[in-house]
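The block underneath contains the structure these notes are about, expressed in structure tokens.
Please treat every number below as a calculation from the coordinates, not as lab data. All of these numbers come straight from a predicted model, not from anything done at the bench. With ideal geometry, Cβ positions are generated from the backbone for all residues, glycine too; neighbour counts draw on all protein chains shown.
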Amino acid sequence: MGLLVIVVVWQVFSRYILNAPSTFTDELARFLLIWVSLLGAAYFSGKNQHIAINTLPERLNPANRKRLNITINVIIIMFVSCVFVIGAAQLVWATFTFMQITPSLQIPMAVVYSIGPISGFLIIYYKLTDILEIMRSSPEQVEEEQPFDREEFTGSI
């Protein structure tokens, strides 16, 4: 994230102050944003701070809430396995096989796209850990996922 900020500040500085825009910063900023976004998604998934609708779990008894939480985590694992791991891995393989490189940076596109499977494996790891914790706990101990707490995310201002 820090590197992304530095790259964007340099792009603005070189374009408007030096009147000579940098040739690589636009592309690098785009690729860094992809990496930050997907790693951020994995991080928030691991912290269970992703977007969730909690209407149904609130109405269920503890045993059914436990089953629902396990089912939701299994569905997330299946989706992430198909899209992030299998789909993105095929994309990485294809771009590596055809030796596709980026126009400005001249790095393989497979490096850029490799964050898909990486974040997919992280999300799957977190969800498997969640399932194990849910299964080990008694139904009364299963807490519903807490909604996103803006204050905790931004800190005190």
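Among Phe84, Phe13, Phe96, which one shows the highest mean-square fluctuation when the chain is modelled as a Gaussian network with alpha-carbon springs under 10 Å? Of the options given, Phe13 has the highest mean-square fluctuation. Based on DSSP H segments of at least four residues, each scored -39500 (n - 2.57), the chain has a per-residue ellipticity at 222 nm of -20500 deg cm²/dmol.
Compared with the dominant Cα axis of the chain, that is its longest principal axis, helix 88-97 is turned about 30°. For the chain, a Gaussian network of Cα nodes joined below 10 Å ranks Lys66, Lys127, Lys47 by mean-square fluctuation, and the top entry is Lys47.
Taking Cβ atoms as reference points and 14 Å as the exclusive limit, the residues near Thr23 contribute a net charge of 0, counting Lys and Arg as +1 and Asp and Glu as -1. Dipole of the chain computed with +1 at Lys/Arg Cβ and -1 at Asp/Glu Cβ about the Cα centre; of Phe79, Tyr16, Leu4, farthest Cα towards the positive end is Phe79. Scalar couplings 3J(HN,Hα) for segment 112-129, obtained by applying the Karplus form with A = 6.51, B = -1.76, C = 1.60 to θ = phi - 60°, are 5, 6, 5, 5, x, x, 4, 5, x, 5, 5, 5, 4, 4, 4, 5, 5, 4 Hz; x denotes Gly and Pro. Close amide-amide hydrogen proximity is noted between Ile101 and Met109, each under 5 Å apart and 5 or more residues distant or on a separate chain (H modeled in the peptide plane; Pro and chain starts excluded).
Taking the charge dipole of the chain about its Cα centre, with +1 at Lys and Arg Cβ atoms and -1 at Asp and Glu Cβ atoms, the residue from Leu39, Gly116, Pro103 reaching farthest to the positive side is Pro103.
Label sites at Thr97 and Thr55, each approximated as a point 7 angstrom past Cα along Cα to Cβ, lie 4.5 nm apart. Under the classification rounded if a/c is under 1.5, otherwise prolate if a/b is larger than b/c and oblate if not, where does the chain fall, given a ≥ b ≥ c as square roots of the Cα gyration tensor eigenvalues? Since a/c reaches 1.5 but b/c is at least a/b, the shape of the chain is classed as oblate.
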